[in-house]
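Right, one structure below, let's go through it.
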Amino acid sequence: MKALILVGGYGTRLRPLTLSKPKPLVEFVNKPMVLHQIEALAEAGVDHVVLAVSYRAEMLEEEMKAEAEKLGIRITTSLETEPLGTAGPLALARSVLDADDEPFFVLNSDVICDFPFLEMVQFHRHHGGEGTIVVTRVEEPSKYGVVVYQPDDGRIERFVEKPREFVSNKINAGLYIFSPRMLDRVPLRPCSLEKEVFPEMAAANQLFALELKGFWMDVGQPKDFLTGTCMYLNHLKHVKPEKLYEGPGTVGNVIVDPSATIGANCRIGPNVIIGPDVVIEDGACIKRCVLLRGSRVRDRRSASGFAWRMSPSSAKT
């Protein structure tokens, strides 16, 4: 099977973290964001991942070479010479995506969740339509565009943008699986899946919704990145608690890279990620914080939010 990840452009919503690297390579829980998705895809049987990219494609391709070898899959890039939206990249990569009759995945690169790829394949093959959208429940649907679908079979009826009255509390989660024939609906030009292609597919009774079980977050901006980190750590606590760090002064869910240095009498947690080569000096207090590679927290300082290395001798906290 194949997958296309919509890597996108400059990552302006996540600046300053994206000033020196493309957004998919920003580390989420000590691993490049996009690698969480790629590993889950490989585990579900995907053997070729295409990254639809328009910014720093060379850096992204170079970083993914070693990961492709580790996972035993192909990772290639599809370079946009102009922004093609969320649908145009499918047409650009059509020669790969419709090389056989197998369905293919399409993902927004900002999404983090307990990826339901095997369930998506099973559901998609069962209904036989052109496409499946994963949807997730939200508390305040009036802030989003919602998906209205039949509860018995998941057939999507329509999309409603920021409804004033309740019609649904399910939103598009940015995870899709399509049959190759849907590519006939996608032109090679700037085009939107959500606004142009999906309504057409729904009108033809060819689009279905699968509700996601478990946590979900779009981590494309700093506030949501931190919230998504907390959700991910809580998920690990229940499914892989052995990955969480336990040490002196630790409170709640914490992950620490083995190369990090933690001083004496520190209080770490809850909801803290400590990245590679991080230095935490004596007496520091850190909570709800992501310390990226090479950052430093000075002695007896408190830190929350983000910290990242600014120079060999200083860090932003």
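The values are calculated or read from the model by the stated rules, or taken from the named source; none is laboratory data. What you see is a predicted model; the values in this text were computed from it and never measured. Here the Cβ positions follow ideal geometry from the backbone for every residue, glycine too, while neighbour counts run over all protein chains shown. Note: areas computed on protein heavy atoms with side chains; ligands, DNA, RNA excluded. Shrake-Rupley method; radii C 1.70, N 1.55, O 1.52, S 1.80 Å.
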As an exercise, use a Förster radius of 22 Å and the Cβ-Cβ distance of Glu281 and Val251 to find the FRET efficiency, rounded to the nearest 0.05.
0.75
Of all DSSP beta bridges with both partners in the chain, the antiparallel percent, nearest 5, is 35
Gaussian network model of the chain, Cα springs within a sub-10 Å range: biggest mean-square fluctuation belongs to which of Thr77, Thr86, Thr261?
Thr261
Among 218-228, 182-192, 105-115, how do they line up from the highest to the lowest mean number of other beta-carbon atoms within 10 Å?
105-115, 218-228, 182-192
So in region 1-130, what percent of DSSP beta bridges are antiparallel if you round to the nearest 5?
5
Sparse-neighbourhood loop hits (GluC sites (Glu not before Pro), region 90-170; DSSP loop; Cβ within 10 Å at most 14 others) -> Glu139, Glu165
Segment Arg158-Arg181, extension gain: residue separation times 0.36 nm, minus the distance between their alpha carbons:
6.2 nm
Just the Cα atoms of region 132-186, one point each, no solvent: what log10 I(q)/I(0) does Debye give at q = 0.13, 0.20, 0.21, 0.27 Å⁻¹?
-0.35, -0.75, -0.80, -1.10
Once you list every other residue whose beta carbon is under 11 Å from the beta carbon of Arg298, what net charge do they have if Lys and Arg are +1 and Asp and Glu are -1?
0
Under the 7 Å Cα-to-Cβ spin-label approximation, Ala99 and Glu39 lie apart by a distance in nanometres of 2.6
Taking +1 at the Cβ of each Lys and Arg and -1 at the Cβ of each Asp and Glu, which of Gly247, Pro199, Gln150 sits farthest along the dipole of the chain towards its positive end, judged by Cα position relative to the Cα centre?
Gly247
To the nearest 10 degrees, how steeply does helix 57-71 sit against the main Cα axis of the chain, on a 0 to 90 scale?
90
Rg (one decimal) and Dmax (whole number) from the Cα set of region 72-162, in Å, equal 15.6, 43
May I ask what percent, to the nearest 5, of DSSP beta bridges between residues of region 129-276 are antiparallel?
60
Within region 20-87, list the trypsin sites (Lys or Arg not before Pro) lying in a DSSP loop whose Cβ has at most 16 other Cβ atoms in a 10 Å radius.
none
Note the full-extension length gain between Lys237 and Arg189 as 0.36 nm times their separation in residues minus their Cα-Cα distance, in nm to one decimal.
12.9 nm
Roughly how tilted is helix 117-127, in degrees to the nearest 10 and between 0 and 90, from the longest Cα axis of the chain?
10
Computed over the Cα atoms of region 116-255, what is the ratio Rg over Rh, Rh following Kirkwood?
1.06
Spin-label point model (7 Å from Cα, Cβ direction): what's the Glu200 to Ser259 distance in nm?
4.8
Looking at the square roots a ≥ b ≥ c of the eigenvalues of the Cα gyration tensor of the chain, which shape do they give, rounded for a/c under 1.5, prolate if a/b is larger than b/c, or oblate?
prolate
Could you report the chain's accessible area per residue, 1.4 Å probe, as an integer in Å²?
48
Pulled fully out, how much extra length does the chain show between Lys223 and Arg301, if you take 0.36 nm times their separation in residues and subtract their Cα-Cα distance?
25.9 nm
What does the convex hull of the Cα atoms of region 7-134 come to per residue, in Å³, rounded to a whole number?
116
Euclidean distance of C-alpha centroids, region 233-289 and region 102-145, integer Å
32
What's the carbon and sulfur percent of the chain's accessible surface, probe 1.4 angstrom, rounded to a whole number?
47
³J(HN,Hα), Karplus 6.51/-1.76/1.60, whole Hz, each residue of region 76-91, x for Gly, Pro:
10, 10, 10, 8, 8, 7, 9, x, 10, x, 9, 9, x, x, 5, 5
